[in-house]
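Below is one structure, written out as structure tokens, with a few remarks after it.
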Amino acid sequence: MRETLERIKNEALEALAQSDAQIEDLRIKYLGKKGELTAVLRGMGSLSAEERPVIGQLANEVRAAIENKITELSQTAKQKALDEKLKSEKIDVTVPGEKVKIGHVHPLDLAQKQLEDIFLGMGYTIVDGPEVEYDYYNFQALNIPEDHPARDTQDTFYITDKILLRSQTSPVQARVMEKTQPPIKIISPGRVYRSDAVDATHSPLFHQLEGLVVDEGITMGDLKGTLELFAKRMFGDETKIRFRPHHFPFTEPSAEVDVSCFMCGGEGCRFCKHEGWIEILGAGMVHPNVLRNCGIDPEKYSGFAFGLGIERIALLKYHIDDMRLLYENDIRFLNQF
Ligand code: PHE
């Protein structure tokens, strides 16, 4: 029996020492219920009283040796598997992380915000109006009846005969005056639409900011002072403004307003096309017909209005030479602001 035990031990350890040893199979083969060692232990009953403890002890030693070997091998195997896993899943914590790209304020919004801040500072309220507008507010209330030639310069997109995409922010004037008696002091920034082909200075969608002040005794002097202050805040304290006579159906008198070139100070340069002046907005005294159309007594009240293109301001302010850049959303362009 002693020899059998020795043989089992040697055989088992040898088998376990093989590099491709199937540990679980070997455990069953030697230590399992039907295993060889178990069989030997079962036969111990036939041994003499002196032999039994000696063989018993030997048998336990053999079992312990095999068990230890098995434990050792399975631990090594586990460790090896873990090492391999760690190796294959290795994370290099020194590799720079992928940066989360955070957007920032668009130059158009920057310009709009600055415009709003300037007028808020002068006590104006911001009012919104619909972009899908009635022909009535966009044209008729503003003293532009059907078939008036001024409609040609503001051709837009019609939804029905009576509903269109507003071609200017001026309809907000009419909407506000219809609902509110003076004093009125509002600005209205927003999208406007015109049936224009896209080029460096045109887009079928662009943004305007309208201003309207109506009260007793408002004069052209108020308009001039307001726009002068606005121009200085927007383009610098040295900026001068110039009124050129113009025609808008909803203002009388009307003017186009220029600012002195803030690049050359009015000397004339490439930026202002050697004019010394840059046109930035349209303005005038609200036409009595418009006041009357909107339920305000032109004998008692007067007012001024102005409208400017926000794109134009952004292009001038940030020295951008093509309006299309504002709409292309090229990060390389936008990152510069
Ligand atoms: N709405 C005019 C335009 O789009 C601008 C303007 C507004 C002129 C208010 C005078 C007064 O051309």
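Bear in mind that the values in this text are calculations on the coordinates, not laboratory data. Everything numeric in this text was worked out from a predicted model, so none of it was measured. Using ideal geometry, Cβ is built from the backbone for each residue, glycine included, and neighbour counts are taken over all protein chains shown.
Based on alpha-carbon centroids, what's the gap between the range 222-243 and the range 176-201 in Å, whole number please?
Result: 20 Å between the Cα centres.
Roughly how many nanometres apart are two label points built 7 Å out from the Cα toward the Cβ at residue 51 and residue 128?
Simple spin-label model gives 10.3 nm for this pair.
In whole Hz, what ³J(HN,Hα) sequence does the range 311-316 give by Karplus (6.51, -1.76, 1.60; θ = phi - 60°), x for Gly and Pro?
Result, ordered by residue: 4, 4, 5, 5, 4, 5 Hz.
Any chance you could run the full-extension gain for residue 21 through residue 6? It's 0.36 nm times the residue separation minus the Cα-Cα distance, nm to one decimal. Intermediate results must be reported in sequence, preceding the final value.
Working: separation 15, 0.36 × 15 = 5.40 nm, distance 2.01 nm.
Extra length available between residue 21 and residue 6 comes to 3.4 nm.
Roughly speaking, what is the stretch gain from residue 247 to residue 232, that is 0.36 nm per residue apart minus the C-alpha to C-alpha distance, in nm to one decimal? Each step should come with its number before you reach the end.
Details: separation 15, 0.36 × 15 = 5.40 nm, distance 2.52 nm.
Working it through step by step, the gained length comes to 2.9 nm.
So in the chain, which Cys have no other cysteine's beta-carbon sitting under 4.7 angstrom from theirs?
Among the cysteines of the chain, those whose Cβ sits 4.7 Å or more from every other are 294.
Can you tell me which aspartates and glutamates have their Cα less than 13 Å from the Cα of residue 9? Leave out same-chain residues fewer than eight positions away.
Filter leaves 36, 61, 67.
Going highest first, how would you order 307-315, 3-11 by mean Cβ packing within 10 Å? Don't skip to the answer; put the middle values down first.
On the way: 307-315: 21.9, 3-11: 15.0.
Going from most to least packed, we get 307-315, 3-11.
Once the principal axes of the Cα atoms of the chain are found, what is the range along each, listed largest first in whole angstroms?
Largest to smallest, the principal-axis extents are 137, 46, 37 Å.
Under 20 Å Cα-Cα from residue 300, which lysines qualify once same-chain neighbours fewer than 8 residues away are excluded?
179, 185
In a GNM of the chain with a 10 Å cut-off on Cα contacts, which of 48, 188, 203 has the highest mean-square fluctuation?
Top of the fluctuation ranking is 48.
Considering only the other residues whose Cβ falls under 15 Å of the Cβ of residue 295, what net charge follows from Lys and Arg at +1 and Asp and Glu at -1?
+1
Relative contact order for the chain: what is it in percent, counting Cα pairs under 8 Å that are at least 6 residues apart?
Numbers: 510 pairs, mean separation 49.2, N = 337.
Once divided by the residue count of the chain, the mean separation gives 15 percent.
Please find the FRET efficiency linking residue 200 to residue 105, where r is the Cβ-Cβ separation and R0 is fixed at 35 Å, and quote it to the nearest 0.05.
Working: r = 23 Å, r/R0 = 0.66.
Efficiency, from the Cβ-Cβ distance: 0.90.
Rounded to whole Å, give me the distance from the Cα center of the range 306-323 to that of the range 112-145.
Going from one Cα centre to the other spans 18 Å.
Each label point is 7 Å from the Cα along the Cα-to-Cβ direction; what then is the distance between the points at residue 269 and residue 136, in nm?
Distance between the two pseudo-spin positions: 5.0 nm.
Could you tally the net charge around residue 61, taking each other residue with its Cβ under 13 Å from the Cβ of residue 61, Lys/Arg +1 and Asp/Glu -1? If you can, show how the numbers build up before the last one.
Details: positive: 2, 9, 63, 69; negative: 6, 67.
Around residue 61, the surrounding residues sum to +2.
Ordered by packing density, taken as the mean number of other Cβ atoms within 10 Å over each peptide's residues, highest first, how do 277-284, 94-101, 211-218 rank? Show your work: numbers first, answer last.
Values: 277-284: 21.0, 94-101: 5.9, 211-218: 19.0.
Listed from highest to lowest mean packing, they are 277-284, 211-218, 94-101.
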